[in-house]
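A short write-up of the structure that comes next.
The values are calculated or read from the model by the stated rules, or taken from the named source; none is laboratory data. Note that this is a predicted model, so its numbers are computed, not measured. So basically every Cβ, Gly included, is an ideal-geometry build from the backbone, and we count neighbours across all protein chains shown.
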Amino acid sequence: MSAKNYASPPPVNHLPIGVFDSGVGGLTVLKALYKQFPHENFIYFGDTARLPYGGKSPQTIQRYSLENVLYLQEQGIKALVIACNTATAMAKEHLQEHFPFPIVDVISPTVAKALSETKTGHIAILGTKGTIRSNKIQEALLSHGRHLHLYPVFCPLFVPFIEEQMIHHPSMPLIIDEYLSHLKNTPIDTVILACTHYPLLIDLLQDYFGENISLIDSAEPTALELFHILQKHALLKSPEDTKNFHRFIVSDDPEHFQKHGRYFLGEMVDHVELVPHFNMVQA
Ligand code: DGL
C-alpha cells in the first residue's frame, strides 16, 4: 500500500498582505509598504468599478468594503491594510467585526504623525466628502486631549483629476485655490492629506502653502504601523521563505489601472487581473 503524501498547509507568515482602495490611490501606500517590507507578498485590490467612494453613504461603503475584503480573504491573506481614508472612516469597525486577521488603517498612524508635527495646533484636514463628514479624523485628533484648531475641507474634484492623471492640467491650480484659499490666512502649520490619492498633489500643494507647512502623507506612518502589528503577531515573513509575488486585482478596466498604476507606484504594474465576481453580502 503506497503511503499518501499530505502536504501541510503553508504557515500563515507566508501568506500575502491584502491592501485595498477604491482605485489607484492606495498604490501610494503600497509604494511605502514595498519599501518597508521588501520580502513580503502583497495582493492589491482596486475597486475601480465603483469608485469614487468619497461621495457615497456609509452603508454603501461598508457593503463595498466587506465585499472587497471577503474577496481578499478568499485569496488567502494574513493581514489587511485599508489604504483608503473613506473606507477606514466608514467601515473599519464593521470590518473588524467580520475578519480574524489584523487590520491596519491609514487614519490612526497619520493622526499620530500630525500631532507630533504641529506646533501651533492649527491643523487642516483635506479629504473626501465622506471622510470629512464622518468626523473620524477630527475625533481622533481631539481624543489626544490637546487644544487644537481644526480646518476640515473636502475636495471632491481632486480624485477624478488624479485618477485621470490630469494634475498638470491648467485648471488644477484654480481648483486647489477654490478649495483652499480660505486656509491661507490661518495659523495652520500642518496639513493632513486624508485621502490616499492626494500625495500625487504633494508638490502642487507644497508650492501653494509654502515650505513652512508640513504636509502629512499616510503612506509611511501606515507602513510603520503595519510593521509593529506584524511583529506583535509574529506574522513577519523571513527573507529566505518563498519568493516574492505581488498581485493586482481590479473590479473594472484592468488596462486603465495598468497604464496609470506606474505613476502612483513608481514602478511597472506588470499584470492586472479582473475580479471574476463578488460575493454579495448583507451590510
Ligand atoms: N483614496 C480614497 C481615500 O483615501 C478614496 C477616493 C475616492 O474613491 O473617493 O479616501
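Within the range 31-76, can you find the residues that are among the aliphatic types (A, V, I, L, M), more than 12 Å from the ligand (Cβ to nearest atom) and in contact with a helix residue (DSSP H, G or I) (Cβ under 9 Å, 6 or more places away or on another chain)?
Once the filter is applied, which keeps residues that are among the aliphatic types (A, V, I, L, M), more than 12 Å from the ligand (Cβ to nearest atom) and in contact with a helix residue (DSSP H, G or I) (Cβ under 9 Å, 6 or more places away or on another chain), the range 31-76 yields A32, L33, I43, L66, V69, L70.
So in the range 97-111, with the set limited to residues that are more than 16 Å from the ligand (Cβ to nearest atom) and closer than 16 Å to E67 by Cβ, which one is surrounded by the most Cβ atoms within 10 Å (Cβ to Cβ)? Walk me through how you get there before you give the answer.
Taking the range 97-111 first, the residues more than 16 Å from the ligand (Cβ to nearest atom) are 97-102.
Within this subset, residues satisfying the condition of being closer than 16 Å to E67 by Cβ are 97-99.
Numbers: E97: 8, H98: 14, F99: 18.
It comes out as F99.
So K237 passes all but one of these: (1) surrounded by fewer than 19 Cβ atoms within 10 Å (Cβ to Cβ); (2) more than 15 Å from the ligand (Cβ to nearest atom). Which condition number does it fail?
Condition not satisfied by K237: (1).
Of (1) within 30 Å of N68 (Cα to Cα); (2) at pLDDT below 95, M90 satisfies all except one. Which?
If we test M90 against (1) within 30 Å of N68 (Cα to Cα); (2) at pLDDT below 95, just (2) comes out false.
Go through the range 112-134 residue by residue and tally those that are surrounded by 20 or more Cβ atoms within 10 Å (Cβ to Cβ) and either within 14 Å of the ligand (Cβ to nearest atom) or modelled with pLDDT under 95 (or both).
Selection size over the range 112-134: 8.
Can you find even one residue in the range 130-141 that is of a type in the set (G, A, S) and at positive phi? Don't jump to the end; show me each part of the working.
Of the residues in the range 130-141, the ones of a type in the set (G, A, S) are 130, 134, 140.
Then keep just the ones that are at positive phi; that gives none.
Taking every residue of the range 130-141 in turn, none turns out to be of a type in the set (G, A, S) and at positive phi.
Going by the structure shown, is P170 modelled with pLDDT of 95 or more and within 15 Å of the ligand (Cβ to nearest atom)?
So P170 does not fit the description; no.
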